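The values are calculated or read from the model by the stated rules, or taken from the named source; none is laboratory data. Everything numeric in this text was worked out from a predicted model, so none of it was measured. Here the Cβ positions follow ideal geometry from the backbone for every residue, glycine too, while neighbour counts run over all protein chains shown. Each accessible area value is taken on the protein alone, full model and side chains, heavy atoms only, with ligands, DNA and RNA left out. Shrake-Rupley method; radii C 1.70, N 1.55, O 1.52, S 1.80 Å.
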Amino acid sequence: MRNKSQHPVTEPSEQSQVIAICLLAGKIMLQSGGETYRVEDTMKRMAAALGLPHSHSYVVPTGIFFSVDATEPAKLIRISERTTDLDKVSEVNAVSRRIGQGQLTVQEAHDLLLEIERKPSGYSYAVQLGAAALSSACFTIMFGGGWGDFLPALLCGGIGYAAVILFHRWVRVKFFAELTASFVIGMLAFFLVYAGAGFERDKIIIGSVMPLVPGLLITNAVRDLMAGHLVSGLSKGAEAFLTAFAIGTGIAVVFSLLM
């Protein structure tokens, strides 16, 4: 197939469009849980395939800096919301590969990326809540709980995950949403065991908070540190620590009140 894209960019308007495409791809990946080094590598490869081989990018969890040469001012995109949607990361990587193979023009690539950005999350809230509830119950069994604790953990995990989504809408600070959700899980576990609906509240609580644990964030922090991205790795590690601290604090408050 004839390569459509690999040619030097000379027109300022075309260069600006290439920069916009690279920034959009990086933004989608970073907002969807992509690793920092993967975002930088994807942006660099896309720019080179679209005719800008001397690009430079600097990515941190809250922003992207991108430039192509000394005469063009660097561009910045601020990242304020981050979630986990690896399907979008995979789709952006697929677009990047098609650009590298010359299968997409600049305009086609831009249209595809806009479509990916506008695409809603792959799973509805009902599916997310159901998955969180079921995984909580299964984690409870895995951590040594009995089958009598399965349904209480199912209920606590589902309500706890719904609480973190709801509180995050009211309070835009993620730390307080996670702290409040873990407090709700602890109180509900104590109530269910007291009412005779469960037997081991510690196993129910451990299983129910597992959907809140920042597993992907910890993994990305370690991978960024291993790749040499110290600022991003440390900042993601700090964010993961704050999440773990919020979960522990919420449960600790429950135990201090009811024990």
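Points worth noting:
- Some residue of segment 165-173 being under 16 Å from Lys203 (Cβ atoms), among the aliphatic types (A, V, I, L, M) and surrounded by 14 or more Cβ atoms within 10 Å (Cβ to Cβ): no
- Criterion (in contact (Cβ under 8 Å) with a residue 12 or more places away in the chain, surrounded by fewer than 22 Cβ atoms within 10 Å (Cβ to Cβ) and within 14 Å of the chain's Cα centre (by Cα)) met by exactly one of Leu234, Leu216: Leu216
- Residue in segment 77-85 that is more than 14 Å from the chain's Cα centre (by Cα), within 21 Å of Leu216 (Cβ to Cβ) and of a type outside the set (Phe, Trp, Tyr) present: no
- On inspection, Glu117 fails the criterion of being under 17 Å from Val213 (Cβ atoms), in a helix (DSSP H, G or I) and either in the same structural domain as Leu23 (by the TED database) or of a type in the set (Asp, Glu) (or both).
Here is a yes/no grid of residues against (1) assigned to a loop (DSSP other than H, G, I, E, B); (2) farther than 22 Å from Val173 by Cα; (3) modelled with pLDDT of 90 or more:
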site: Val193; (1), (2), (3): no, yes, yes
site: Ser208; (1), (2), (3): no, no, yes
site: Asp224; (1), (2), (3): no, yes, no
site: Phe241; (1), (2), (3): no, no, yes
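- Candidates Ser57, Ser90, Ser32 - the one that is under 23 Å from Val222 (Cα atoms) and surrounded by fewer than 16 Cβ atoms within 10 Å (Cβ to Cβ): Ser90
- Of the residues in segment 93-106, none is open to solvent by less than 20 Å² (accessible area, probe 1.4 Å), among the aliphatic types (A, V, I, L, M) and not assigned by the TED database to the domain that holds Met46.
- Flag if Gly250 is at pLDDT 90 or above, within 30 Å of Phe65 (Cβ to Cβ), of a type outside the set (D, E, K, R) and not in a loop (DSSP other than H, G, I, E, B): no
- Residue in segment 56-64 that is of a type outside the set (D, E, K, R), touching a residue at least 24 places away in the same chain (Cβ under 8 Å) and more than 16 Å from Ser232 (Cβ to Cβ) present: no
- Filtered residue count, segment 135-189, keeping only those that are closer than 30 Å to Ser80 by Cα, among the hydrophobic types (A, V, I, L, M, F, W, C) and assigned to a helix (DSSP H, G or I): 17
- Within segment 146-164, the set of residues being within 14 Å of Ala132 (Cβ to Cβ) and open to solvent by less than 60 Å² (accessible area, probe 1.4 Å) comprises Ala153, Leu154, Cys156, Gly157, Gly158, Gly160, Tyr161, Ala162, Ala163, Val164.
- Flag for Glu40 being assigned to a helix (DSSP H, G or I), buried (at least 21 other Cβ atoms within 10 Å of the Cβ) and of a type in the set (Asp, Glu): yes
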